[in-house]
1. Would you check if there is a residue in segment 85-99 being modelled with pLDDT of 75 or more, of a type outside the set (D, E) and in a loop (DSSP other than H, G, I, E, B)?
2. Taking segment 203-234 on its own, how many of its residues are over 18 Å from the mean Cα position of the chain (by Cα) and under 20 Å from F288 (Cα atoms)?
3. Only residues that are out of contact with any Cys (no Cβ under 8 Å at 6 or more places or on another chain), hydroxyl-bearing (S, T, Y) and surrounded by 11 or more Cβ atoms within 10 Å (Cβ to Cβ): list them for segment 215-265, please.
4. Of T275, T262, T268, T236, which residue is outside any helix (DSSP H, G or I) and among the polar types (S, T, N, Q)?
5. Can you find, within segment 162-214, the residue that is nearest to N332 (Cα to Cα) among those that are surrounded by fewer than 20 Cβ atoms within 10 Å (Cβ to Cβ), touching a strand residue (DSSP E or B) at 6+ places or on another chain (Cβ under 8 Å) and β-branched (V, I, T)?
6. For the condition on the phi < 0 side of the Ramachandran plot and modelled with pLDDT of 95 or more, what is the one hit in L210, L146?
7. Is at least one residue of segment 274-287 exposed (fewer than 11 other Cβ atoms within 10 Å of the Cβ) and in contact (Cβ under 8 Å) with a residue 12 or more places away in the chain?
Amino acid sequence: MSKALRLIGRRSKPLLKQEAATDGGTVNLEEYTASVTGYISKCIDDVTVSKTITTRPNQKPWMTPERIHGHFKDTGDTRRMWEGIQAITNYRKTPPSCDSDAILPDALNDFYARFEAQNNVAAEKSIPPQNDQVLCLTAADVRHTLRGVNPWKAAGPDNIPGRVLRECADQLADVLTDIFNISLSCAMVPTCFKTTTIVPVPKKPTVSCLNDYHPITLTSIIMKCFKRLVMRHTKTQLPSSLDPLQFAYRFNRSTDDAISTTLHLALTHLDKKGTYVRMLFIDFSSVFNTIVPQHLIGKLSLLGLNTSLCNWILDFLTGRPQSVQIGSSTSNTTTLSTGAP
């Protein structure tokens, strides 16, 4: 795999860019990205070995006391530990299955896209000023991010698994850095990076309505790495005047911190004579599905983010193809410009 993908970073990258070039010599980002991801998929198909294994209900793993002791002794991998316990006990949890109704995928896709009709605000990019600085990523940063990919994460619609990105980070870093920087410079995100596939999972054994399905959104792992790099830069641009009591999406802060701080403030206040505390808890329903990109960009601009980065975020949030997949059935594709994947 590594030897095959090394061609991208040497001879194939200029050829792929040349194939994606327009008459004016500029690179067609959509074609360039499709060529690279297609080549990665081809390499995966060429080197991956498929094997069919038959297992039986009464089949137990061959275990000895020594192997069991060695499996659990001084292990820091909790995932491996629980996998061993499940293998020894033959534990199999059967998740609730989705209905095999042929129209269910389309019905769920329409349900998840129901907020699109409420968005009547046109998304318009702003013209960057002449002194606007475009974010430029380095191959070292991209390589470091690829090496940190969780290999157990499910692949997105491009079917490129995280294990390939992690194991072949050295071979893929240069070409992906090139794609990322072209995307940032022209404030465009390739459509294949914005495409999402939703796999619905029933919230309870008996489903009575569409809201009883929990949407599991699968997106490109390459795009997740790209977003992580942009997010890291974006956080450095935010002003220090942000609310100190905001705990969501802040480094080294968690829900436990929010609970502890709230309890501390309330109990400290109650220590004073004749005091009381009133608390209001608000839960926004489908909050991420109702984001209006144009309104969000206006707020990000007020926080100090430059125009080029705001335009890139706007492009990422608009024109997103979405479909729902249940088993072998896939819904029609809906293009969204509301919410966030």
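The values are calculated or read from the model by the stated rules, or taken from the named source; none is laboratory data. This structure is a prediction, so every number in the text was calculated from the model and none was measured. Glycine gets a Cβ as well: all are built from the backbone with ideal geometry, and neighbour counts include every protein chain shown.
1. no
2. 5
3. T217, T219, T234, S254, S260, T261, T262
4. Result: T275 is the single residue among T275, T262, T268, T236 that is outside any helix (DSSP H, G or I) and among the polar types (S, T, N, Q).
5. V199
6. Among L210, L146, only L146 is on the phi < 0 side of the Ramachandran plot and modelled with pLDDT of 95 or more.
7. Yes - at least one qualifying residue is present in segment 274-287.
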